[in-house]
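Accompanying notes for the structure given below.
Every number here is computed from the coordinates shown, using simple stated rules; none is lab data. Every value quoted in this text rests on a predicted model; they were computed, and no experiment measured them. Virtual Cβ from ideal backbone geometry, glycine too; neighbours counted across all protein chains shown.
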Amino acid sequence: MTEKVVLAYSGGLDTSVAIPYLAEQLDAEVIAVAIDVGQGGEDLDAIRERALGCGAVAAEVVDAREEFAAEYCFPAVAANALYMDRYPLVSALSRPLIVKHLVAAAQKHGATIVSHGCTGKGNDQVRFEAGLAALAPHLKIVAPARDFAWTRDKAIAFAEEKNLPIDVTTKSPYSIDQNLWGRAVETGFLEDIWNGPIEDIYAYSDDPAAPREADEVVITFESGRPVALDGARKSAFDLVDELNRRAGAQGIGRIDMVEDRLVGIKSREVYESPAGIALIAAHMELENVTLEREQARFKRGVDQRWGELAYDGLWYSPLKTSLEAFIADTQTHVNGEVRLSLHAGKATVTGRRSDTGLYDFDLATYDEGDTFDQSNARGFVELWSLPSKLAAARNERAKAEDAA
Ligand code: ARG
């Protein structure tokens, strides 16, 4: 029986060419699977037709937009996930979801091989394959770009030779990955890390420096999950989608950074994640109001590890599951509203309210009639400073002995 390959299909040149190429190299039937994670752009029927036109025996398009928003983006909000304190994990969040759907397709079609278009230099190969190792270790993996040293030029030559129904002329100088959570742009002139990004490379956000009126939005959270904008409840996808437009119109969410890839390379990346940056800013502030101090301090370290695990392709790992149990427990009381001013490239918190918060006006106020008993403070500070006081006295003694 001919073997079957499930290919993670984007509709682009490389994965289109991979269809006949894999069929030839592996003497196998190719099933193209495209996952809609809100990347927009091309019509999904056109993508399906192209896959079939390139020789796929079957082509499927999975609408995973709501699932992506609710089960991948929102957990990242709960974890305030910013890799290297900046990158909201745009590509890293989508890969484990894509893997999940590839595995389902492989099961459905009886495929024994899974294929993806990643090169050997990036994180995405790791995310695909570590995900597959966790969910379906019996599947073989073939990555033509990496394993058969496939290049752009070879792909174009092959496409022309086979007369594939794809346009080989519209080649972007950048490598772009995009989804509901944002956009990642790399390569081209950006590889010189002194070169500033040009306005052209952005698609989700307008120039932050352009003069315009500020926008204001109120985001409602329940147990750490965003549920409404300006009081109107929305599905996870719609909420992120609308906020992308509003925050993007104010130039919010642009990030230009040099990043540590898992494979050891430092790479220049330009991102835009308008909703991602706005939601994380709002969520962090609501945590400031609702989390007990020690829990909040400890969670910062947990958040950082969570982000690193997601970045490093360990989405389906035991440590991530364990950290999520902690995070879920912390989110119980993260309820309330945060008001953001969206303007000039920044999402600035201007107000917060919560029925489950720990902010106590009567304790905090400097006005008459506060409930804070200041007489307790003297003894508290005395004992709090005692260890330092003892150490300082010891150091003085030691200095005096050295001098003698
Ligand atoms: N460096 C980013 C990451 O590892 C973005 C990767 C984008 N992928 C791409 N194929 N252009 O998450």
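All alpha carbon pair distances within segment 11-79 were sorted into 10 Å bins beginning at 0; the resulting P(r) in whole percents reads 20, 40, 24, 13, 2. Note on segment 47-125: Cα Rg divided by 2.2 N^0.38 Å, N the number of residues, gives 1.31.
Normalised by residue count, segment 187-338 yields a Cα convex hull volume of 143 Å³ per residue.
Relative contact order, whole percent, for the chain stands at 17, derived from Cα pairs under 8 Å and 6 or more residues apart.
Positive-end ranking of Leu102, Ala134, Ala58 along the dipole of segment 38-190, with charges on Cβ about the Cα centre, is headed by Ala134. Computed from Cα atoms, the angle from the helix 274-290 axis to the main principal axis of the chain rounds to 30 degrees.
Separation of the alpha carbons by more than 18 angstrom is noted, of Lys234/Lys320; Lys121/Lys162; Lys121/Lys266; Lys4/Lys108; Lys234/Lys346, for Lys234/Lys320; Lys121/Lys162; Lys234/Lys346.
Hey, if you drop one equal point scatterer on each alpha-carbon of segment 287-404 and run the Debye formula without solvent, what base-10 log of I(q)/I(0) do you get at q = 0.12, 0.17, 0.22 Å⁻¹? The Cα Debye sum returns log10 ratios of -0.80, -1.04, -1.21. Value of Rg to Rh for segment 238-303, rounded to two decimals, is 1.09; Kirkwood radius and Rg both from alpha-carbon coordinates.
As a proxy for reagent exposure, Glu396, Glu222 were ordered by neighbouring Cβ count within 10 angstrom, fewest first; the result is Glu396, Glu222.
Centre-to-centre separation between the Cα atoms of segment 13-47 and those of segment 177-201: 24 Å. Helix 124-135: angle to the longest alpha-carbon principal axis of the chain, degrees 0 to 90, nearest 10? Computed tilt is about 90 degrees. Using Cα atoms only, what is the angle between the long axis of helix 236-248 and the major principal axis of the chain, expressed in degrees (0 to 90) to the nearest 10? The helix 236-248 is inclined about 80 degrees to the chain. In this entry, segment 124-275 is assigned a mean projected area of 13.6 nm², taken as a quarter of its C-alpha convex hull surface. Averaging 1/r over every pair of different alpha carbons in segment 105-147 and inverting the result gives a Kirkwood radius of 10.7 Å.
Only Lys, Arg, Asp and Glu carry charge here, each on its Cβ (+1 for the first two, -1 for the last two); on that basis segment 58-117 has a dipole of about 160 debye about its Cα centre. Shown for segment 86-168 is the translational diffusion coefficient from the Stokes-Einstein equation, using the Kirkwood radius over Cα pairs, a temperature of 10 °C and a viscosity of 1.306 mPa s: 111 µm²/s. The Cα atoms of segment 317-386 cover 48, 38, 25 Å along the three principal axes, with the biggest extent listed first. Exposed loop sites were defined as chymotrypsin sites (Phe, Trp or Tyr not before Pro) in DSSP loop states (anything but H, G, I, E or B) carrying at most 11 other C-beta atoms within 10 Å; in the chain the longest segment without such a site runs 1-193.
Size descriptor for segment 1-143, Kirkwood hydrodynamic radius: 15.5 Å (Cα pairs only, one decimal). Using alpha carbons only, the radius of gyration of the chain set against its Kirkwood radius gives Rg/Rh = 1.08.
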